Amino acid sequence: MSETAFSPTLLIRDNVVSLKPYTPIVPFDILSQQLNRDPSDIIKLDANENPYGPSPRVAEVLAEAPYMHIYPDPESRNLRTALAEYTGIGAEYLLVGSGADELIDLIMRLFINPGDKIVNCPPTFGMYAFDGDINAAETTSIRRRPDFSLDVEAIEHLFTTDAQAENNPKLIFVTSPNNPDGSVLSDGDLQRLLSLPTVVVLDEAYIEFSSNSRIQWVEQHPNLIVLRTFSKWAGLAGLRVGYGAFPLDLIAQLWKIKQPYNVNLAGQLAAEVSLDDREHLLGNVARLVEQREQFYTVLDSIGWLEPYPSQTNFILCRVKGRDASDLKKQLAEHGILVRYYNSSGLTDHIRISMGTPTQMARLAKVLHDL
Ligand SMILES: Cc1ncc(COP(=O)(O)O)c(C=O)c1O
């Protein structure tokens, strides 16, 4: 048979072929070349990373780790025991992932047959819709209200209890505090979602910068999943460690489909030592929260910016009477990177992650001068 007669690309899943390519982030060293600036001269406030970095004990523990040549614990036992103490929910409810991102995909793989429905509540974190597309889910978007609160009535209207119930959405993704605005979901709204015949995935990636975690609710609610991460509060974004609390009936099934060695040894050790050194890390969180409150006042004093109150390590701002994408470019010329949105409803918005006091003072000066 002639080799040219057969095209293997025709065998690829249809929903993958029709996906738009993902735009990955630019690695830090390449960014430094592009901006023609030393990495130390770049103020990176575009991805909600932690400017203080990890606990100093992470480098020590990794330098001395004796078993790099042995596969890591597939059940992350030591880390889950430490997490049970940190979160107040039993280790049997906890599963660790290569970032919360991996767990979002794993949840989809657990529930979604092609064409099954999920609910996304934009503006929000992009991974729910992204993984929904990869897993051939049909995503229904229920936009948040202008103040970014959830439109719970509209979500409730998607559900029916009649013979059509099998077409109900299987999963609802909600983020609290929400990215990109930093608002939180009330207990009452969460209760309403939990009374629907669906699984509620509550993403608490930024909970350490806020309060009122609902992770312990998982013990009482068979349809609640709560996701958390070490990327933000513990400064471990580069090592990829997240975790989730799952009802026991669901976690039993998840264990079956998880890649055995999904969390590498360095990630497990770094997360364990972070929990041990939490006093230091939560001190950094307190600094970032204080910075957020101070910087809100700075932004509010600039006539052409309208910041939104936030319970996270970032602040979303509406840019008034100027082009937000130009502002992003002007800041980049000063070596300051912020996130610009061009999605519907957010075109004139930027999101600024909190940096160190020195970094934020430099940004404040540039903003005042522009
Ligand atoms: C709401 C939300 N969830 C999850 C993540 C990703 O977490 P991880 O780094 O653990 O994959 C982010 C990262 O920005 C986020 O904003």
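Read-outs throughout are calculated quantities, based only on the coordinates presented, and are distinct from any laboratory measurement. Computed from a predicted model, the values in this text were never measured in an experiment. Backbone-built Cβ (ideal geometry, glycine too); neighbour counts: all protein chains shown.
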To one decimal place, what Kirkwood hydrodynamic radius in Å is obtained for segment 1-109 from all pairs of distinct Cα atoms? 19.6
With an 8 Å cut-off on Cα pairs and a minimum separation of 6 or more residues, tell me the relative contact order of segment 228-332 in percent. 17
Loop trypsin sites (Lys or Arg not before Pro), segment 86-179, which have at most 16 other Cβ atoms in a 10 Å radius of their Cβ (DSSP): ARG143
List the relative contact order of the chain as a percent without decimals, with contacts defined as Cα pairs under 8 Å and 6+ residues apart. 23
In Å and on Cα atoms, what radius of gyration and Dmax does segment 52-163 show? 19.4, 60
If you look at just the Cα atoms of segment 305-357, how large are its Rg and its Dmax in Å? 10.9, 32
How big is the Cα convex hull of segment 131-224 in projection, averaged over all directions, in nm²? 6.8
Return the single residue from LEU236, LEU316, LEU254 with maximal mean-square fluctuation; model: Gaussian network over the chain, springs between Cα atoms under 10 Å. LEU254
Given DSSP loops and a limit of at most 14 other Cβ atoms within 10 Å, what is the longest stretch of the chain that contains no such chymotrypsin sites (Phe, Trp or Tyr not before Pro)? 68-260
So, in nm, how far is label ARG287 from label ALA84 when the simple model puts each one 7 Å beyond its Cα toward the Cβ? 3.4
Report the local net charge at GLY242: Lys and Arg +1, Asp and Glu -1, summed over other residues whose C-beta lies under 9 Å from its C-beta. 0
Just need the relative contact order of segment 57-277 here, percent rounded to a whole number, with Cα pairs under 8 Å and 6+ apart. 29
Share of antiparallel DSSP beta bridges in segment 57-277, in percent to the nearest 5? 35
Extension gain HIS157-ARG77, at 0.36 nm per residue separation less the Cα-Cα distance, in nm? 24.6 nm
Please report, to two decimal places, log10 I(q)/I(0) for the chain at q = 0.09, 0.14 Å⁻¹ as given by the Debye formula with identical point scatterers on the Cα atoms and no solvent. -0.56, -1.30
Where labels lie 7 Å past Cα in the beta-carbon direction, separation of GLU219 and GLU92 in nm: 1.2
Beta bridges by DSSP in the chain, antiparallel share as percent, to the nearest 5: 50
How large is log10 of I(q)/I(0) for segment 198-337 at q = 0.11, 0.19 Å⁻¹ when the intensity is taken from the Debye formula with one equal scatterer per alpha-carbon? -0.59, -1.18
In whole Å, largest first, the alpha carbons of segment 57-277 cover along the principal axes 58, 34, 30
Could you tell me the number of lysine pairs in the chain with C-alpha atoms less than 29 Å from each other, where the two lysines are 8 or more residues apart or belong to different chains? 28
With a 10 Å radius around each residue's Cβ, average the other Cβ atoms per peptide and rank 188-198, 347-357, highest first. 347-357, 188-198
